[in-house]
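A short write-up of the structure that comes next.
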Amino acid sequence: MPQNLRMFELNEARFTGRLVRDAETQSAGSGEVAKLTVAVDTSWYDKSAGERKTRTAFISVELWNPSDFVRGALVKGAPVFIAGEIVQDTWEDKEGNKREKTRVRARRVELMGWPDDGDGGDRAATDEETPF
């Protein structure tokens, strides 16, 4: 493989899901961070079992400096669209074991329309101000 070829690097996560619990906000340095957990379902048809199966992933998300509207709207069960970058933290626990946690640092959060909201559209709230 030629040495001068460079791979295009992309760190982008985009997904939809539902909030597992209300957002937890806290002060952090020069701003505020909202911590979210989003449940994302993946479905497929299992031919051998003759049934549809679903697997749920629970994804940790952080949103820096959320607006008042976003902060108040990020409640348990809310359907959301998230776009951001994947971040991995590594550390050693008290016993000296290496630990890792992967999360998404959101650049964009959109509140999608609730199925029974009756307006036929999405309510979008985005917050693209991050300290990074």
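Every read-out reported here was derived from the displayed coordinates using simple, explicitly stated rules and does not represent laboratory data. Everything numeric here is computed off the predicted structure, so don't read it as measured data. Methodologically, a virtual Cβ is constructed for each residue, glycine included, from the backbone with ideal geometry; neighbour enumeration extends over all protein chains shown.
Percent of alpha carbon pairs in region 14-108 separated by more than 16 Å? Intermediate results must be reported in sequence, preceding the final value.
Working: 2806 of 4465 pairs.
Everything past 16 Å amounts to 63 percent.
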Would you list, by chain and number, the lysines whose Cα falls below 19 Å from the Cα of residue 94, excluding same-chain residues fewer than 8 positions away?
-> none
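For the residues 82, 59, what sequence is obtained by ranking on other C-beta atoms within 10 Å, fewest first? Numbers along the way, then the final one.
Values: 82 21, 59 18.
The fewest-first ordering by Cβ neighbours comes to 59, 82.
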Global geometry of region 1-47, whether rounded, prolate or oblate, following the gyration tensor of its Cα atoms and the 1.5 cut on a/c = oblate
Neighbour-count ranking for 36, 111, 5 (other C-beta within 10 angstrom, fewest to most) reads 5, 111, 36
Exposure proxy check on 105, 14: fewest-to-most Cβ neighbours within 10 Å is 14, 105
